[in-house]
Amino acid sequence: MQLDRLFQDPDLAQFYDWDCPWTADFDGFAALVAGATTVLDLGCGTGIFTAALAGRGARAVGVDPAAAMLDIARVRPGGQLVTWVEADARHLDIGKRFDAVVMTGHAFQTLLTVEDRAAVLAVIRRHLLPGGRFFFDSRNPDAREWQDWTPEATRERRAHPVFGMVERWNDAWLEAGSDVVSYETHYRLTDGREYSATSRIAFPPLSELERLIAEAGLRVDRWAGDAAGGPIRPGCPDLIPIGGLAG
């Protein structure tokens, strides 16, 4: 898996929480793991969700391959309550099982191949307790959300707590013959400095996710089409399996 500067570069990581703050999506996800005493958060990034779960009493482990993101996670409010692990989720084995294994923030889409996705689903199964719950969120390819990630649609200026006013925008394109989208993220400061990165994420279809989940020995109790728990429907923004161990 190619490392992504958007997450690995400390300068770019400073924009992440500003660009991706706590939203109502996380409220919905927190409800899914309510009552879980142990939680494994794969692709935890800066730990906004992981630390919140720990603050609510869960014994949480946050895993991410990006050291720059984990540096932010460790010092965020509640970060001292979490065990942080710098690791690639495809090869993870920390020798324990959890009441809940989660992957939020569309981190699942950084898995660009069928083999990568199967590997992480196997990791979920390996770390999930009988009776435990897993979920992840992946954007619905039928909604073609990347078509709205244009400079014209995404350009805005907002105040950053460190850098002052920042202009930010995206651009994106579907790679020919694949389910992978490349997208650019740009931040321009008032002093002329500009930070940018090109990232790649996959948009696997529902049929593939269903097959890979079953092959991993997991079951889906229900599919949600958005973080609020709405059903799968034409044009829904997300594909979110919620389930546990099969059999």
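Looking across region 50-60, the residues that are surrounded by fewer than 23 Cβ atoms within 10 Å (Cβ to Cβ) and touching a helix residue (DSSP H, G or I) at 6+ places or on another chain (Cβ under 8 Å) come down to 52, 54, 55, 56.
In the same structural domain as residue 236 (by TED's automatic domain parsing) and touching a Cys at 6+ places or on another chain (Cβ under 6 Å): does that describe residue 113? Talk me through it step by step, then tell me what you get.
Values: in the same structural domain as residue 236 (by TED's automatic domain parsing): yes; touching a Cys at 6+ places or on another chain (Cβ under 6 Å): no.
Taking the combined requirement at face value, the residue does not satisfy it.
For region 95-108, which residues satisfy the criterion of being in contact (Cβ under 8 Å) with a residue 12 or more places away in the chain, surrounded by fewer than 24 Cβ atoms within 10 Å (Cβ to Cβ) and either farther than 8 Å from residue 137 by Cα or assigned by TED's automatic domain parsing to the domain that holds residue 175 (or both)? Hits for region 95-108 are 96, 97, 99.
Here is a check on your reading of the model: is residue 166 β-branched (Val, Ile, Thr), surrounded by 17 or more Cβ atoms within 10 Å (Cβ to Cβ) and farther than 30 Å from residue 220 by Cα? Write out each step before concluding.
On the way: β-branched (Val, Ile, Thr): yes; surrounded by 17 or more Cβ atoms within 10 Å (Cβ to Cβ): yes; farther than 30 Å from residue 220 by Cα: yes.
In short, yes.
Can you say whether residue 210 is of a type in the set (Asp, Glu), part of a strand (DSSP E or B) and modelled with pLDDT of 95 or more, as far as the supplied structure shows? Judged against the criteria, residue 210 is not a match.
When 116, 137 are screened for being touching a strand residue (DSSP E or B) at 6+ places or on another chain (Cβ under 8 Å), modelled with pLDDT of 95 or more and over 15 Å from residue 64 (Cβ atoms), only 137 passes.
Of the residues 43, 79, which is under 30 Å from residue 188 (Cα atoms), surrounded by 15 or more Cβ atoms within 10 Å (Cβ to Cβ), touching a residue at least 12 places away in the same chain (Cβ under 8 Å) and within 16 Å of the chain's Cα centre (by Cα)? So that I can check it myself, show each step before the final result.
Working: 79 fails: within 16 Å of the chain's Cα centre (by Cα).
Unique residue meeting the criteria: 43.
Checked against the criteria, residue 37 counts as of a type in the set (Ser, Thr, Tyr), closer than 19 Å to residue 134 by Cβ and either surrounded by fewer than 18 Cβ atoms within 10 Å (Cβ to Cβ) or at pLDDT below 95 (or both).
The values are calculated or read from the model by the stated rules, or taken from the named source; none is laboratory data. Not measured: the values here are computed from a predicted model. Here the Cβ is made from the backbone with ideal geometry for all residues, glycine too, and neighbour counts use every protein chain on show.
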